[in-house]
Amino acid sequence: MDLHFGDSKPTDEERAAVDALLGPPESSWEGAARDEMRAADLRWARGGREARDRRDLLLPGLHAVNDRIGWISEGALDYLCRRLTVPPAEAYGVATFYAMFSVKPRPATVLHVCTDLACAAAGAPQLCAGIEARLGPGSGVSVERSPCLGLCERAPAALAVRAGDPVRTAVSAPATVEAAVLAASSPGSAPEEPPAALAVPQAGQDGLTLLHRVGVVDPSSLDDYRAHGGYTALRRAFELGPAGVIREVTDSGLVGRGGAAFPTGRKWQATASQPDRPHYLVCNADESEPGTFKDRVLMEGDPYALVEAMTIAGYATGAHKGYLYLRGEYPRALRLLEHAITQARARGLLGDDVLGQGYAFDIEIRRGAGAYICGEETALFNSIEGYRGEPRSKPPFPVEKGLFGKPTVENNVETLVNVLPVLTMGAPAYAAIGTGRSTGPKLFCVSGSVERPGVYEVPFGATLGEVLTLAGVREGLRAVLLGGAAGGFVRADELDVPLTFEGTREAGTTLGSGVVMAFDDSVPLPRLLLRIAEFFRDESCGQCVPCRVGTVRQEEALHRIVERTGADAAGDIALLREVGRAMRDASICGLGQTAWNAVESAIDRLGAYE
Amino acid sequence: MTVTPLGIPRRMLEFTLDGEEARVPEGSTILDACRAAGKDIPTLCEGDTLRPKNACRVCVVEVEGARTLVPACSRKAEPGMEVRTDTERARHSRKVVLELLASSVDLSTTPKVAGWLKEYEAKPDRFGPDAARLNEEPRVDNDLYVRDYDKCILCYKCVDACGDQWQNSFAISVAGRGFDARIAVEHDAPLTDSACVYCGNCIEVCPTGALSFKSEFDMRAAGTWDEARQTETTTVCAYCGVGCNLTLHVQDNEIVKVTSPHDNPVTHGNLCIKGRFGYQHVQNRD
């Protein structure tokens, strides 16, 4: 290809940000000054395929510029393209895909104020108005309304990001106008976040399997992790061998916790048996489902558990490289995991020879940049590879052609962390937890109108009512959103539904990603549904017509009937049903296919608009 | 006459298409099989010279055992598959997708779509007068071709033709996301500031007329564009020795645009700037 780069030049700072990631340019072909004759400039075969193979550094490069400057200028983008041999048009398409990037000038500080379900119920609109009144146009802070920040247990929430070297972040949750403004005006001196354990009301209790270390260990100490049973599962994995690990995981009955509930052992086996090499492991930590924060709490409270679990998964499936795709809105999880990976590497628990067993494995963290769709597994691959986070059509499935077109196993954080107890307690003991077809412990993210919001661990089979009782459900419960925005509502008189995959399916709903969001009488249901519709309209990637236009038409119809009921709303509800059915049937990926679920369940089960 | 090269022999596979046995060569898509069986499945984003993108979702069909409908243009036929093309479910999705498209963009220059809207009883107006539309002005920033994104259905064919599938210029991409996604060059600049080399291969594959020759655009605006009065003559480009085929579209003894036959085994419908746009000297009669 013969790439065309415009005349725009990066500023010194933009150049420094890119060079800090990629190293200085080696020739003027990739943007170095032409002030002296360089040997590299005289060669013909520099760059080319070798440079194009670094396309996956595009997203980290965009982050580098955005972190340093606060936005991505033409000159910076062109320079990054030159360095990576990426066509500027494609890089522009990628940069404009993500919500956290801007290609237009904006202040160095951005305050993301969550306006999603739990935060909206906790007063986000008033918070936004108050913050905007205090931080006017001249304040040097850009206030942006954000989809779910994954801090639902401390709603309402705000995240301040100040560009610079280094970039500074501060979280304010539960946020007041004063606290959020303070976080934005001096993110370096904002009060520290409460420890992750505060999001686990059961912390320290006996009988926990997945959460037993959260609040007990120091998340920055590898020794502490090992003192609390860390790395026994990996040692057992090496005793069993890869096939033995897969057998244990299969026998345990573990299924994926990301929502699709696919048997983990079968997925691992399918990847492990692919002849094509290399194999990749991807950990999906792009937890963006509104109402979901369990993966964040696991990563912040017990980061080494994820590092160990990824090592086991890589070992079992024959992967030597694991990508941890972490959502961009989780700065604390990023810091803790970076630290954990560095420590594990220094101690021989990652690297060329893990635990002296001759197995090479390492983990690289990739940050998302604000796109719910990147939680879809194939969209996530595209995102890592430096393309727009648009889902691919399946087949081929990731076990056959995944990341970089190679066999890939992708699991979410909670699924992977479950592998540790599977190996330490053995498959039969693990399978004895829960019910026949839904085995093991399960995490639920309880938020909304409860006394003690947070992450709860219960064995599969506990009822919705039991989980809500643990969290202290308040008076006047009207409805529960189960499974997140892509899930569905259940009524307050349906609390005996057992929280298993089969139980929720029989009840005509879904466990989804483990969201249990309680709403009392005071929450205006039509507004809530409108927010869900807005969310899907904002987060649609736009690739396929049913989702790109359907989510817009859905939102328009809900706007029309927000104050209407009965016969006045009937026509639009019929329209919604028709569009919803086509979205479910004809969209490329799960986002479009589920965008109508919650609204439909509110109409059918809750009698919204009656 | 064009010569279609023979590929390596392929095994045949059998599956059921609307209840009848169908035999197609391995690797065929469901759409290939439908066409071989004489069934007309509507499709917009499918292109005969490009890899199927399956973004428009107009060609969805029902496959036994699949949770959702599948796009006929890209799903390969598999032995034993049971495919139904004309079920209520498939027809419903096609109808709604056509309505969604027609309510958001201008399909007036899209071939065949008027017939499909009628066939599927699509009523794009039922989303109301306030339904969001693209409503963008045509971008006329050069003398060769016009980008009218009000007609764009985001089929990605121009992106693929400009990128690794044909031209390797990579001048076009999709920017933004969701309903705000648009086809754009880098920094959303005018075409003249972009990497565009004006080969016009994107116009060749555009299914809706969102990309058109400036000549066609001007004549449509003036009301003088009349395909019924046009003749098409396929000839060989005289600019160089490659031997690309040109199809000259002539109206009133003037060349009004140049396309290229897609079944040409050398060029597959692709041309360069000279072949596609350099025809004025032919009609310079001074």
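The values are calculated or read from the model by the stated rules, or taken from the named source; none is laboratory data. Owing to the predicted nature of the structure, the values given are computational and were not obtained by experimental measurement. Virtual Cβ from ideal backbone geometry, glycine too; neighbours counted across all protein chains shown. Just so you know, the surface numbers come from the protein's heavy atoms only, side chains and all, with ligands and any DNA or RNA stripped out. Shrake-Rupley method; radii C 1.70, N 1.55, O 1.52, S 1.80 Å.
A few points about this structure:
- Think of it as helices only: each DSSP H run of n ≥ 4 in chain B is worth -39500 (n - 2.57), and spread over all residues that comes to -5000 deg cm²/dmol at 222 nm.
- Taking the C-alpha atoms of the stretch B:145-283, convex hull volume expressed per residue in Å³: 123 Å³
- The translational diffusion coefficient of the stretch B:1-75, from Stokes-Einstein at 4 °C and 1.567 mPa s with a Kirkwood hydrodynamic radius over alpha carbon pairs, comes to 95 µm²/s.
- When the solvent-accessible area of the stretch B:158-286 is split by element, carbon and sulfur atoms take up 51 percent of it, the probe being 1.4 Å.
- Ordering of A:389-398, B:229-238 by packing [mean C-beta count within 10 Å, highest first]: A:389-398, B:229-238
- When only alpha carbons are used to place a centre, the stretch B:1-80 and the stretch B:101-176 end up 24 Å from one another.
- Placing pseudo-labels 7 Å out from each Cα toward the beta carbon at A:T424 and B:C240 gives an inter-label distance of 6.7 nm.
- Protection proxy ranking, peptides A:582-590, A:292-300, A:175-183, B:9-17, average beta carbon neighbours within 10 Å, highest first: A:292-300, A:582-590, A:175-183, B:9-17
- Taking every alpha-carbon pair under 8 Å whose residues sit at least 6 apart, chain A reaches a relative contact order of 12 percent.
- For A:A479, residues with placed amide H under 5 Å, excluding near neighbours: A:F519
- All Cα-Cα distances of the stretch A:174-277, cut into 5 Å bins from zero to the largest, leave 2, 10, 11, 12, 13, 15, 12, 8, 6, 6, 3, 0 percent in each bin in turn.
- Under a 5 Å amide H cut-off, with hydrogens placed 1.01 Å from N, A:N412 pairs with A:R257, A:G258, A:N284 among residues at least 5 apart or on other chains.
- For the stretch B:145-283: relative contact order, % (alpha-carbon pairs under 8 angstrom, 6 or more apart): 21 percent
- Kirkwood-Stokes translational diffusion coefficient of the protein assembly as shown, alpha-carbon pairs, 20 °C, 1.002 mPa s, µm²/s: 73 µm²/s
- Rule-of-thumb Rg ratio for the stretch B:13-133 [Cα; 2.2 N^0.38 Å; N residues]: 1.11
- Take each residue in A:71-82, count the other chain C-beta atoms within 10 Å of its C-beta, and the mean is 1.
- The stretch A:460-584: translational diffusion in µm²/s, Stokes-Einstein, Kirkwood Rh over Cα pairs, 20 °C, 1.002 mPa s: 135 µm²/s
- Between A:E475 and A:S28, the simple spin-label model (points 7 angstrom out along Cα→Cβ) gives 7.9 nm.
- Expressed to the nearest 5 percent, the antiparallel share of DSSP beta bridges inside chain A is 50 percent.
- Rounded percent of accessible protein surface that carbon and sulfur make up, chain A, 1.4 Å probe: 51 percent
- Shielding by other protein chains, B:153-163, mean Cβ within 10 Å: 2
- Summed over the residues of chain A and divided among them, the accessible surface reaches 36 Å² per residue at a probe radius of 1.4 Å.
- Counting Cβ atoms of other protein chains within 10 Å of each residue's Cβ and taking the mean over peptide A:579-590 gives 6.
- Cβ-derived FRET efficiency at R0 41 Å, A:D53 paired with B:V197, nearest 0.05: 0.95
- Overall size of the stretch B:61-110 from C-alpha positions, given as principal axis extents largest first: 40, 20, 16 Å.
- Both radii are taken from the alpha-carbon atoms of the stretch A:427-480; with Rh as the Kirkwood radius, Rg/Rh is 1.07.
- Look at the alpha carbon pairs under 8 Å that are at least 6 residues apart: their mean separation over the length of the stretch B:13-133 gives a relative contact order of 24 percent.
- In a fully extended conformation the segment linking B:D130 and B:R11 would gain 37.5 nm over its present Cα-Cα distance, using 0.36 nm per residue.
- Most to least packed among A:268-277, B:147-156 [average Cβ atoms within 10 Å]: B:147-156, A:268-277
- Under 5 Å from the amide H of A:S142 lie the amide H atoms of A:T109, A:V110, A:L111, each residue being 5 or more positions distant or on a separate chain, with H modelled from the backbone and absent for Pro and chain starts.
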